[in-house]
Amino acid sequence: MADLLQFTDRGIYCEAGDFYIDPWKPVNRAVITHAHSDHAYRGHNLYLAHRKSVPVLKYRLGDDIQVQSMDYMKSVSHNGVTISLHPAGHIVGSSQVRVEYQGEVWVASGDYKIEDDGLSTPFEPVKCNAFISESTFGLPIYQWKSQQNIFDQLHQWWRKNQD
Ligand SMILES: [Zn+2]
């Protein structure tokens, strides 16, 4: 079987289902992992995204975009390909995209975070045959402080401004 998802000059493409994931050039069908500007671009005919991403998508891209919204773990089928969204833990509404076709399952992570931030629905691993991992800051040169440490710094800054 050919790759279920492939990289193209427009974004990650599913030929069997004829849709793209987070395409950066205009396409007919775009599945959007989350509403950040480097993942959700203008100009697509139809957007599919998590329900909680829709208000930000419309705010950013215009009220007139055509969006089909979904909840986590629900699925839609298109050309025999089943698409479902699963929590990515990155921002509210952020989703991993699970694509299933003829028994083969691929997952495109989009941006994800495995630490629960108390705001986003926590990341859930999804069993699959192939996992496309987005890891912009995954290199060892990036060393992050603990989430609690960062929250404490934010709180201190807020307190200082309040005083
Ligand atoms: Zn993002």
Is it the case that some residue within the range 125-143 is surrounded by fewer than 12 Cβ atoms within 10 Å (Cβ to Cβ), among the polar types (S, T, N, Q) and over 28 Å from residue 18 (Cβ atoms)?
yes
Starting from residues that are open to solvent by less than 50 Å² (accessible area, probe 1.4 Å) and in a loop (DSSP other than H, G, I, E, B), keep the ones in the range 79-89 and report whichever is farthest from residue 146 (Cα to Cα).
88
Please work out which one of (1) within 15 Å of the ligand (Cβ to nearest atom); (2) under 17 Å from residue 49 (Cα atoms); (3) open to solvent by less than 70 Å² (accessible area, probe 1.4 Å) is the condition residue 92 fails and give its number.
(3)
Cβ pairs under 9 Å, 6+ apart or interchain, first in the range 134-153 and closer than 16 Å to residue 89 by Cβ, second outside any loop (DSSP other than H, G, I, E, B), ordered by first then second residue, are 134/108; 144/150
Give the residue, chosen from 76, 56, 27, 99, that is open to solvent by 10 Å² or more (accessible area, probe 1.4 Å), outside any loop (DSSP other than H, G, I, E, B), more than 16 Å from the ligand (Cβ to nearest atom) and among the hydrophobic types (A, V, I, L, M, F, W, C).
76
Among residues of the range 102-145 being in a strand (DSSP E or B) and aromatic (Phe, Trp, Tyr), the residue nearest to residue 81 (Cα to Cα) is 106
Single residue of the range 14-24 satisfying the filter (outside any loop (DSSP other than H, G, I, E, B) and aromatic (Phe, Trp, Tyr)) that is most open to solvent (accessible area, probe 1.4 Å)
20
Can you find even one residue in the range 16-33 that is basic (Lys, Arg), farther than 20 Å from residue 127 by Cβ and either in contact with a strand residue (DSSP E or B) (Cβ under 8 Å, 6 or more places away or on another chain) or without any contact (Cβ under 8 Å) to a residue 12 or more places away in the chain (or both)?
yes
Per-region count, the range 30-53, residues in a loop (DSSP other than H, G, I, E, B) and within 16 Å of the ligand (Cβ to nearest atom)
10
Residues of the range 20-36 satisfying the condition of being under 12 Å from residue 91 (Cβ atoms) and among the polar types (S, T, N, Q):
33
Only one of (1) over 12 Å from the mean Cα position of the chain (by Cα); (2) small (Gly, Ala, Ser); (3) open to solvent by 40 Å² or more (accessible area, probe 1.4 Å); (4) within 16 Å of the ligand (Cβ to nearest atom) fails for residue 11. Which number is that?
(3)
Of the numbered conditions (1) within 16 Å of the ligand (Cβ to nearest atom); (2) in a loop (DSSP other than H, G, I, E, B); (3) of a type outside the set (S, T, N, Q), residue 4 satisfies every one except a single condition; which is it?
(1)
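The values are calculated or read from the model by the stated rules, or taken from the named source; none is laboratory data. Just so it is clear, the structure is predicted and the values come from calculations on it, not from any experiment. Every residue, glycine among them, receives a Cβ derived from its backbone with ideal geometry; neighbour counts consider all protein chains shown. Ligands, DNA and RNA are excluded from the accessible area calculation, which covers all protein heavy atoms including side chains. Shrake-Rupley method; radii C 1.70, N 1.55, O 1.52, S 1.80 Å.
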